[in-house]
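The structure appears below as structure tokens.
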Amino acid sequence: MSTIIPEEKKLRDAITWISENKGNKKDEELIKEASFRFNLNPKEEEYLIRVFLKQDKQDK
């Protein structure tokens, strides 16, 4: 029997995972992999794109 994970926990785990793996791959690749790994819906994936890609543009 599988455990149901609350939506916000999946998103938090994805953010943590991406943050821990930054530098290993491009952010776009990490976001796609995290979306698959944590079973995120398109809206959650879009949130990750806004957070991580917007942050990169501001850092430059």
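Computed from the coordinates by the stated procedures, all read-outs in this text should not be read as laboratory data. Quick caveat, the model's predicted, so the values are computed rather than measured.
Taken one residue at a time, the phi angles of segment 37-54 give Karplus couplings (6.51, -1.76, 1.60, θ = phi - 60°) of 4, 9, 6, 7, 7, x, 5, 5, 5, 4, 4, 4, 4, 4, 5, 7, 6, 5 Hz. Gly and Pro are set to x.
Express in % the proportion of alpha carbon pairs of segment 7-59 at distances exceeding 18 Å. Percentage above 18 Å: 19. Stretching Lys25 away from Arg12 to a fully extended chain increases their span by 2.7 nm, per 0.36 nm per residue minus the current alpha-carbon distance.
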